[in-house]
Amino acid sequence: MTKNIKHTFAQSGWSPDSWRAHTALQQPIYNDISEVRSVESQLQSLPALVSMAEIEQLKIKLAAACNGEAFLLQGGDCAETFADFSTPSIQNLFKVLMQMAVVLTYAGRVPVIKVGRIAGQFAKPRSTNVEVRDGVSLPSFRGDIINGIEFSAAARQANPQRMLQAYHQSMATVNLLRSFTLDGLADLHQVNAWNLDFVRANPACERYKQLADQLCDALAFMEVCGVSSATTPALRQTEVFTSHEALLLNYEQSLLQQVNSRANTDVVTGAYYAMSAHMLWIGERTRQLNGAHVEFLRGVQNPLGIKISSAIEPAELSALIQRLNPNNIAGRITLISRMGADNTARHLPALAQRVASEGHKVVWSCDPMHGNTIKTANGMKTRSFDSIMSEIEQFFAVLPAYGQYPGGLHLEMTGAHVTECVGGAYHISETDLASCYKTQCDPRLNAQQVLELSFRVAELIRGDTART
Ligand code: PEP
Ligand code: CO
């Protein structure tokens, strides 16, 4: 072990396929197991999507978020798709993440860790195994890495070849993201100019103008002092990490890598890393203590998210954290609270209290999306901007009371101008939803809604409560 890096390695009784002896929920049923094995071995021989050093860097950054010295911004599609894969869609998401990060950095006076739900967010847990339409029953759509969304028997059959397509799309996405971190898209002055455009055009312009003006003043002052993007690379470059739900275990196991003795000094010989993304999370439906997902993830070194709804009890949460982080390494665990606006103030306190009293080092992040999904009268899934903000406000109010830091946001969002969530300053109504409803899964905040949300969170961080 070198420097200050600590590891969970090694976990007793764990091996890359020890998860196979545990119950794995939410897995596809493949017809041809020999084809699955063939795809797995092809994946094993393909290059890693991320590096071990980057994974360790992210862990160190997240360790700072445990103490309120950094803030995690994690966001992207509910489900990436093969059909909507394009440079503009990735670029627009990247831009809006940068815009949000600038606002949150300025308000919180701490670095913002940018993590996309991207380059691997293809597998979806479903509430039912089958979908029935007009008396016809077919397997549910489980994400493009598993089957097709079209309602036909052929499309809905799980196809292992899709894992290869998801891998290649993820590789191309990572490549594009890396180029964006180095070119003008991350330039602070450019990002600030986009934010000014957003504020000027927004119906709630007056509310956000003050913060935007302060940011401009800060940048102008720095420029006078000789600190500009021309002189300071840090102002025109950034880092973006990747993440997804580690749901499809055949895929995840195939992309594992063990550190060999010639590896660099930041990692421990013999340790395993999931090389499909920097950060992986366990979904609300697959976080059983003795389930296959927990078993798989306890043996990898990556930072892990755990989704928690109001259904989790403090003792269960405590056991889960200990199973996944027995050495209490800061940066290893991010608790992603997704309780809904109706439950957060009621259920989060007992969990925060338990984590505080047992001294677990965790990042607390708020996913205000998954507990606030509703259906409109004509059956469309949506979420309201007001419920989303209400959950965030409760999250920010509860945690400090237990000595914990509200350390992150986890959002389903897109850089495109979709109409999937209702509300916000542009007053998207239920009848507006049909005009541009594109998600294959859950409704996402659009670029304007998510920027507005960032300005609101900035107010919360600054304690500007009179406005909320
Ligand atoms: C998701 O993040 O898309 C998801 C399915 O979340 P959860 O596991 O919290 O329901
Ligand atoms: Co979702």
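The values are calculated or read from the model by the stated rules, or taken from the named source; none is laboratory data. Computed from a prediction, not measured in an experiment: that's the story for all the values here. Neighbour counts are summed over all protein chains in view; Cβ atoms, including those assigned to glycine, are modelled from backbone coordinates with ideal geometry. The protein model used for the area step is the full one, side chains on, heavy atoms only, and it has no ligands, DNA or RNA in it. Shrake-Rupley method; radii C 1.70, N 1.55, O 1.52, S 1.80 Å.
Quick notes
- Counting the residues of region 100-112 that are closer than 20 Å to residue 445 by Cα and either in contact with a helix residue (DSSP H, G or I) (Cβ under 7 Å, 6 or more places away or on another chain) or polar (S, T, N, Q) (or both) gives 5.
- Check on residue 158, away from ligand 2 (no atom under 15 Å from the Cβ), surrounded by 15 or more Cβ atoms within 10 Å (Cβ to Cβ) and modelled with pLDDT of 95 or more: yes
- When each of 368, 303 is tested for being in contact (Cβ under 8 Å) with a residue 40 or more places away in the chain, more than 16 Å from ligand 2 (Cβ to nearest atom) and on the phi < 0 side of the Ramachandran plot, the lone residue that passes is 303.
- Among the residues listed as 447, 377, the single one being more than 16 Å from ligand 2 (Cβ to nearest atom), at pLDDT 95 or above and out of contact with any Leu (no Cβ under 7 Å at 6 or more places or on another chain): 447
- Within region 249-258, one or more residues are hydroxyl-bearing (Ser, Thr, Tyr) and under 22 Å from the mean Cα position of the chain (by Cα).
- Against the numbered list (1) of a type in the set (S, T, N, Q); (2) crowded, with 18+ Cβ neighbours inside 10 Å; (3) at positive phi, residue 328 comes up short only at (2).
- Residue in region 204-221 that is crowded, with 17+ Cβ neighbours inside 10 Å, assigned to a helix (DSSP H, G or I) and among the polar types (S, T, N, Q) present: no
- Any hit, region 156-169, residues being basic (Lys, Arg), assigned to a helix (DSSP H, G or I) and either within 16 Å of ligand 1 (Cβ to nearest atom) or within 23 Å of the chain's Cα centre (by Cα) (or both): yes
- Considered as a group, the residues in region 29-67 that are part of a loop (DSSP other than H, G, I, E, B) and open to solvent by less than 20 Å² (accessible area, probe 1.4 Å) include one that is farthest from residue 123 (Cα to Cα), and that residue is 50.
- Residue list for region 52-69, filter: of a type in the set (A, V, I, L, M) and either touching a strand residue (DSSP E or B) at 6+ places or on another chain (Cβ under 9 Å) or at pLDDT below 95 (or both): 52, 55, 58, 62, 63, 64, 65
- The one condition in (1) more than 26 Å from residue 203 (Cβ to Cβ); (2) under 22 Å from the mean Cα position of the chain (by Cα); (3) of a type outside the set (Val, Ile, Thr) that residue 372 fails to fulfil: (1)
- When each of 383, 338, 332 is tested for being under 28 Å from residue 241 (Cα atoms), more than 15 Å from ligand 1 (Cβ to nearest atom) and touching a strand residue (DSSP E or B) at 6+ places or on another chain (Cβ under 9 Å), the lone residue that passes is 332.
- Region 420-447: number of residues that are more than 18 Å from the chain's Cα centre (by Cα) and within 17 Å of residue 201 (Cβ to Cβ): 5
- Residue match in region 135-154 (condition: in contact with a Cys (Cβ under 6 Å, 6 or more places away or on another chain) and more than 12 Å from residue 251 (Cα to Cα)): no
- Each residue in region 80-104 was checked for being open to solvent by less than 10 Å² (accessible area, probe 1.4 Å) and within 16 Å of ligand 2 (Cβ to nearest atom), and 0 pass.
- Given (1) open to solvent by 40 Å² or more (accessible area, probe 1.4 Å); (2) modelled with pLDDT of 95 or more, index of the condition residue 336 fails: (1)
- Set side by side, the residues 451, 411 differ, and just one is of a type in the set (A, V, I, L, M), in contact with a helix residue (DSSP H, G or I) (Cβ under 6 Å, 6 or more places away or on another chain) and open to solvent by less than 20 Å² (accessible area, probe 1.4 Å), which is 451.
- The listed residues are 139, 111, and the only one of them that is within 30 Å of residue 47 (Cβ to Cβ), open to solvent by 50 Å² or more (accessible area, probe 1.4 Å) and over 16 Å from the mean Cα position of the chain (by Cα) turns out to be 111.
- In region 288-325, residue most open to solvent (accessible area, probe 1.4 Å) [restricted to those that are touching a helix residue (DSSP H, G or I) at 6+ places or on another chain (Cβ under 7 Å) and among the polar types (S, T, N, Q)]: 288
- Restricting attention to region 380-389 and to residues that are surrounded by fewer than 18 Cβ atoms within 10 Å (Cβ to Cβ) and touching a Pro at 6+ places or on another chain (Cβ under 9 Å), the residue that is farthest from residue 330 (Cα to Cα) turns out to be 380.
Each row is one residue, and each column tells you yes or no for (1) closer than 20 Å to residue 321 by Cα; (2) within 15 Å of ligand 1 (Cβ to nearest atom); (3) basic (Lys, Arg); (4) surrounded by fewer than 23 Cβ atoms within 10 Å (Cβ to Cβ).
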{"position": "345", "(1), (2), (3), (4)": "no, no, no, yes"}
{"position": "358", "(1), (2), (3), (4)": "yes, no, no, yes"}
{"position": "361", "(1), (2), (3), (4)": "yes, no, yes, yes"}
{"position": "391", "(1), (2), (3), (4)": "no, yes, no, no"}
{"position": "401", "(1), (2), (3), (4)": "no, no, no, yes"}
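- Residues (more than 15 Å from the chain's Cα centre (by Cα) and hydrophobic (A, V, I, L, M, F, W, C)) located in region 66-83: 66, 70, 82, 83
- Candidates 185, 256, 235, 177, filtered to the one that is touching a residue at least 40 places away in the same chain (Cβ under 8 Å) and over 21 Å from residue 94 (Cβ atoms): 256
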